[in-house]
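Visitor: Dropping the structure in here first, questions after.
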Amino acid sequence: MNIKSTSHVTVLLLIPACFVATLLFAPRAYTQDIEFRGFAENATYVRSKGVGLTKSRTTLQLELSKVWKPTGLFSEFSVSGTFRGTYDAVYDLNDDEFGKNSGRSVSFAAPGNPAFFGILATGNPATPPFPPSTNPEWAGIFPPPTLTGAIPLPGVPGGNIGANNPNEGLRLLGDDVHNFEQGGVVLAYPTRPCDIDNRGCLKDYMDDDESDLRFPEFNDDLDFIRELYLDATIAFDNGDELGFRIGRQQVVWGRTDLFRVLDVVNPVDFSRQNIYDELEDIRIPMGIVNMEYRAGASGPFEDLNFQAIWKFEDFRPNNLGQGGEPYAILGAGNFFRAMKTCWDYGCTAWNFPATDLAVEFPVGAIGIRQANLPSDQDFGFRIEGVYKGVGFSLNALRYTSQMPSLRGGIPADNPFTPPIESQFYPYSLAFDIDFPRLTMLGGSADFYIESMKSAIRVEVSYTTGEEFPNTLEERLFSESDVIRWVVGIDRPTFIPFLNKRRAFLLSWQVFGQHLQDYARARVNAQGIPTVADVGMVDWKDNFTTTFLFQGNYLNDRLTPQILSAWDFRAGSGAIVPSIDWKISNSWRLTLAFNMKIGEGAKGFDDDRAANPYPPFTCAPPLAAAGSPLCGTAFSSLGASGYEPLGRFRAGPFGMAINEDEYQLTLRYRF
């Protein structure tokens, strides 16, 4: 990875500069001693189904603060920092599964091919074989191959092993989730770190080398600086205050757990453990100017504050985990790496463009060309207060999407013709990764209902500019405004037969998402009837619920809990029972079992049955009938499979259906 600008250095230089300025304004300031605290922790996770160790993460975190009590312009002034270093030994201890020796040779098997019987020619165990009765590479559809560098198919004529693209260090997309009975467009992706195998690595986005994976905080983004900011307060005679927090920090706007409705200021590192880690640990702190005017009790409000933020550090997307990592949410990083390999080297795709065919595509025909990281900066405004006992906020944020969008319509090659055309082909699988600009408006409230003896939390947001895969569109994506909301209820409840002295915490949440500009049909864009739904892969309306049951024993030193979550549309969820034992004031042990339940993989239209290169890719029934439609491009006719778009319908739980884990965490706080 390369440093993209000087903004990370600016984060460091800003702190001493402001400190010097403060001393000029407050020459009679006195100081308190620096306060140090922190912890050392080891988290060891083991996944079932033969995967083995998925995490052996040792963390050292140091938190410090220093307070000044000046008598000049500022009534309060302090500097705080949080520094974290991590070593994840899974890339050394289980490098056959994740690391420099991961992956294997792959094949799209057919009778007569040794891989069909479960063993490759090399003698290594094969990926689960496919059942087609025949597996011709071209079957009269493509002209004779002249490619070099495409991943070959063992037992299939015409393949060429390229020196830069050998059939090794690979896995098949989705092989950890399903058995390819509804394969769709199945591709191979490289699994090894980018300094060992750079195939499929996206510059400045998903290009971590082995050191980056082992020591994730010690990178060009200086992520070992979790937080480093100064706080300064100016007090006015009427009791109002103007506060400044400047530096790398987390800005928390949300009132609920797990779901990010309003809490979208900081990106999130899902590569630590998908969605299951605490947000406090997986938010990516950013360089932000955070200014807050605290008006206190004002008019009808018991409390009223105004906040403005400006994010001056370089844009950072969510870390989804790159291909080959133990945690790659939705398998998106695996898919991106497979598609980038296709663009750079050419690739073999199974079950494309017609059932039971495995074909090779040349360089620059299908895949992901590049990731375009923007340079825009984010800014937002919030009003927060209390009115008649109800805490509320009104939020507005103009920001760059932290989730990637696949935008088709880039110049690409037609694999059926000898020249390299480098032009736009409607409905072709050629993409750039982009991050659109979004506007989010929303609000939140929390209040207590005495009759229910429950605290209620509500958040709602309206976001414009988001982009979603859409196989009805020529560029295979479209925009939609999105409404998101979440309601949470917390209730302490006595359950005498479990504990007569302490109440249990019952916490329930339900999260909803609605796409305003939804597109789904049983006819394609040209009005041709389709065999299945086409259009947007996401659901028009979806709901996810969570429930937490938590108790306390032994003077609150032993805390058992059960956390469950269920995605209604995906038909999948997770149940996580755990026991947290505070052995002493310093030592803490947590044992958990994270198990997934439900349907798992989902299928959806995969654009296989589109006609991006007329007449070569016209659907066989139309071609046999001599239909005039074959002479023009048309959108998908609805051939569906698990890959690649089904992952978005399965959601984080469905795509992790085989990721049951035993988890042990030991922490020493000092």
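Visitor: Identify all lysines with a Cα-Cα distance to K602 below 17 Å; exclude those on the same chain that are fewer than 8 residues away in sequence.
Guide: Once the sequence-local lysines are set aside, what remains near K602 is K540.
Visitor: Whose amide H sits under 5 Å from the amide H of L438, counting only residues 5 or more places off or on another chain, with H placed in the peptide plane?
Guide: Close amide H contacts, sequence-distant or interchain: Y399, T400, S401.
Visitor: Another one. Dimensions of the range 451-529 along principal axes (Cα, Å, largest first)?
Guide: Answer, in whole Å and largest first: 67, 26, 20 Å.
Visitor: Now a separate question. If you average the alpha carbon positions of the range 523-592 and of the range 602-657, how far apart do those two centres end up, in angstrom?
Guide: Measuring centre to centre over Cα atoms gives 31 Å.
Visitor: Work the Kirkwood hydrodynamic radius out for the range 619-670: mean of 1/r over every pair of different alpha-carbon atoms, inverted, in Å.
Guide: 16.0
Visitor: Can you tell me the FRET efficiency between D237 and K540 if r is taken as the Cβ-Cβ distance and R0 is 51 Å, rounded to the nearest 0.05?
Guide: My answer for the efficiency is 0.40.
Visitor: Hey, another quick one. Counting other beta carbons within 10 Å of each Cβ, put Y387, Y427 in order, fewest first.
Guide: By the 10 Å Cβ count, ascending, the order reads Y387, Y427.
Visitor: Further, regarding this structure: Using a cut-off of 18 Å between alpha-carbon atoms, which lysines can reach K49, once sequence neighbours fewer than 8 places away in the same chain are excluded?
Guide: Partners within reach: K596.
Visitor: Over the Cα atoms of the range 437-589, how large are the radius of gyration and the largest Cα-Cα distance (Dmax), in Å?
Guide: 21.9, 69
Visitor: Counting other Cβ atoms within 10 Å, keep those with at most 12, restrict to DSSP loop, and tell me which trypsin sites (Lys or Arg not before Pro) in the range 367-426 are left.
Guide: K388
Visitor: If you find the alpha carbon centre of the range 68-96 and of the range 247-324, how far apart are they in angstrom?
Guide: One Cα centre to the other: 16 Å.
Visitor: Give me F604, F424 ranked fewest to most by other Cβ atoms within 10 Å of their Cβ, as a rough exposure proxy.
Guide: Going from sparsest to densest Cβ surroundings: F424, F604.
Visitor: Counting other beta carbons within 10 Å of each residue's own, what order do H514, H178 fall into, fewest first?
Guide: Placing the least packed residue first, the sequence is H514, H178.
Visitor: Only loop residues by DSSP count here, and only those with at most 16 other Cβ atoms within 10 Å; note down the trypsin sites (Lys or Arg not before Pro) in the range 522-569 that meet that.
Guide: K540, R557
Visitor: Report, ordered by chain and residue number, the lysines lying within cross-link reach of K203, taken as a straight Cα distance under 17 Å and ignoring same-chain residues fewer than 8 apart.
Guide: K4, K340
Visitor: How big is D for the range 569-628, in µm² s⁻¹ as a whole number, if Stokes-Einstein is applied with the Kirkwood radius of its Cα pairs at 20 °C and 1.002 mPa s?
Guide: My calculation gives 126 µm²/s for D.
Visitor: Equivalent ellipsoid semi-axes for the range 261-302, as square roots of 5 times the alpha carbon gyration tensor eigenvalues: give them largest first, rounded to whole Å.
Guide: Value: 32, 14, 8 Å, ordered largest first.
Read-outs throughout are calculated quantities, based only on the coordinates presented, and are distinct from any laboratory measurement. Every value quoted in this text rests on a predicted model; they were computed, and no experiment measured them. When we count neighbours, we look across all protein chains shown, and the Cβ atoms used for this are built from the backbone with ideal geometry, even at glycine.
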